[in-house]
Amino acid sequence: MRCTFSCVSAKKTALTVLSAALLPAVLAAPAYAVGPTPTPDAKGGKAPAKAPAPPASMSTVGGILLGKPGPQVNLLPGAPALPTNLTGRSWIVADAETGEVLAAENAHWRLPPASTMKMLFADTVLPSLPKDEVHKVSQQELSGVGAGSSLVGVKEDLDYTVHDLWLGVFLRSGNDAVHVLSSMNGGVEKTVKDMQAHADELQALDTHVISPDGYDAPEQVSSAYDLTLIARSGLQKKDFREYAATASAKFPGEQKPGQPRDSFEIQNTNRLMTGAGGISPYKGIAGVKNGNTTMAGSTFTGVAQRGDKKLVVTVMNPAAGGVNSVYEETATLFDWGFAAVGKVKPVGELVPPKSADTSGVGSPAQSHENGTVAADEESGGGIGTAFGIASGVVAALAAGAFLVNRRWPRGRQGRGGDLS
């Protein structure tokens with residue numbers, strides 16, 4: 001495999017993230033207020049703008065309770081109570097293996113996703129581009145990048161491998177890298193259509209794609225439920241898992257005549273992984289993607305493991321304000337979820353793709369690209385590889401037997417469900 005620089009290895013990633021996970025805990029940075037502009041009250045002062053309410057009726061994909069507004073949870077004896085300090089407009093906690101939704105709030109509220117949309121971009125496009133392919137970037141490919149976009153630093157008239165560009169997407173949320181990869185996929189318009197078709201196949205029916213990078217657009221929306229479905233699909237792909245679990249890497253820089261090409265280090269913007277910004281690294285975190293825009297506020301989907309339990313959590317637009325709030329609330333939901341597994345009755349489920357074979361329970365996931373088994377030896381052991389990388393389970397990786405199968409509910413491909 002050819003790369004401009006050495007490809008990220010699982011071992012290096014494990015050591016990098018393990019070091020981050022063992023950093024001493026530090027206090028979180030003070031949050032600053034973010035939210036709607038206050039409006040004058042009757043006395044001429046400033047009254048806080050009223051936060052928008054969730055729709056009274058939402059999609060019921062995955063279960064009836066998931067279509068109801070407000071927090072949804074079925075606590076059994078001995079179960080921990082839901083955290084009381086959550087301010088996200090929408091959130092969900094699900095079992096990464098079984099797809100059971102342990103708890104949720106406004107799971108199908110259609111909201112701007114910001115850069116979490118890049119998970120769908122990667123899940124759609126990544127399998128079609130060989131990672132060692134070399135591409136020279138043109139000025140036209142970068143001309144459509146929106147003002148104020150997050151960038152990794154792709155330059156026109158320079159060569160990059162597909163591997164380099166995916167590092168830019170996953171680690172730095174680079175819209176410049178997204179646009180170049182979209183061009184290689186046939187253009188932005190085709191890529192948007194491909195993404196929408198893939199979202200429909202996954203039954204991520206709250207999702208409407210306008211731009212491949214998640215850049216703010218009035219009609220571009222997704223939901224906590226859909227982002228969790230998309231993340232779970234992406235985590236079946238070896239390259240997706242490894243990029244999502246990479247804490248830092250080298251990225252190609254300028255090329256001076258007669259000299260070796262420069263490089264610079266890029267770090268993952270996932271603060272629960274790196275410990276940046278005063279956030280303590282969350283032990284066992286394995287990605288997946290964060291985002292922040294004016295319309296979306298802060299968004300985040302993460303996957304983590306504790307013991308043999310593996311959870312996916314999505315949080316959208318915390319009202320508490322500050323960049324760290326989405327990470328703090330995600331960590332809180334992870335802690336609750338790990339304590340609640342086996343002590344709650346699921347309020348719903350993550351449905352399988354439309355084309356999935358649901359005749360058996362516990363069978364390996366099927367790749368949407370070619371219909372072959374994704375969770376096999378070649379794929380590096382399913383979701384478990386990502387968990388092993390990020391949580392530093394080097395022994396499990398070395399043994400090569402950290403297999404996780406994605407299990408579909410038997411005979412439940414439909415859009416609703418009677419879980420209540």
Here the residues within the range 288-314 that are over 16 Å from V93 (Cβ atoms) and under 8 Å from the mean Cα position of the chain (by Cα) are K289, N290
When (1) farther than 18 Å from S222 by Cβ; (2) assigned to a loop (DSSP other than H, G, I, E, B) are applied to H108, the one that fails is (1)
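With the structure loaded, tell me whether T330 is among the β-branched types (V, I, T), part of a strand (DSSP E or B), open to solvent by less than 20 Å² (accessible area, probe 1.4 Å) and within 29 Å of G78 (Cα to Cα) or whether it fails that test.
It is false that T330 is among the β-branched types (V, I, T), part of a strand (DSSP E or B), open to solvent by less than 20 Å² (accessible area, probe 1.4 Å) and within 29 Å of G78 (Cα to Cα).
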key: Residue match in the range 253-275 (condition: under 26 Å from P54 (Cβ atoms), free of Cβ contacts under 8 Å to residues at least 40 places away in the same chain and over 15 Å from the mean Cα position of the chain (by Cα))   = no
Taking the range 297-308 and keeping residues within 18 Å of L235 (Cβ to Cβ) and in contact (Cβ under 8 Å) with a residue 40 or more places away in the chain leaves T299, F300, T301, V303, A304, Q305
Task: Flag for G337 being of a type in the set (G, A, S) and either modelled with pLDDT under 50 or open to solvent by less than 10 Å² (accessible area, probe 1.4 Å) (or both) - done: yes
Taking the range 340-357 and the residues there that are open to solvent by 20 Å² or more (accessible area, probe 1.4 Å) and free of Cβ contacts under 8 Å to residues at least 60 places away in the same chain, the one that is nearest to N74 (Cα to Cα) would be G342
If we keep only residues of the range 123-152 that are open to solvent by 70 Å² or more (accessible area, probe 1.4 Å) and among the hydrophobic types (A, V, I, L, M, F, W, C), then the residue farthest from the chain's Cα centre (by Cα) is A147
Residue pairs qualifying under the 7 Å Cβ cut-off, at least six apart or on distinct chains, with the first in the range 84-97 being closer than 11 Å to Y225 by Cβ and the second being in a strand (DSSP E or B) and among the hydroxyl-bearing types (S, T, Y), are W91/T314; I92/T314
With the first residue restricted to the range 63-81 and required to be closer than 13 Å to A104 by Cα and hydroxyl-bearing (S, T, Y), and the second required to be at pLDDT 95 or above and surrounded by 15 or more Cβ atoms within 10 Å (Cβ to Cβ), Cβ contacts under 9 Å at 6 or more apart or on different chains are none
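The values are calculated or read from the model by the stated rules, or taken from the named source; none is laboratory data. If you're wondering where the values come from, they're calculated on a predicted model, not measured in any experiment. Note that each Cβ is placed from the backbone with ideal geometry, even for glycine, and that neighbours are counted across all protein chains shown. These area figures cover heavy atoms from the full protein model, side chains too; ligands, DNA and RNA do not enter into them. Shrake-Rupley method; radii C 1.70, N 1.55, O 1.52, S 1.80 Å.
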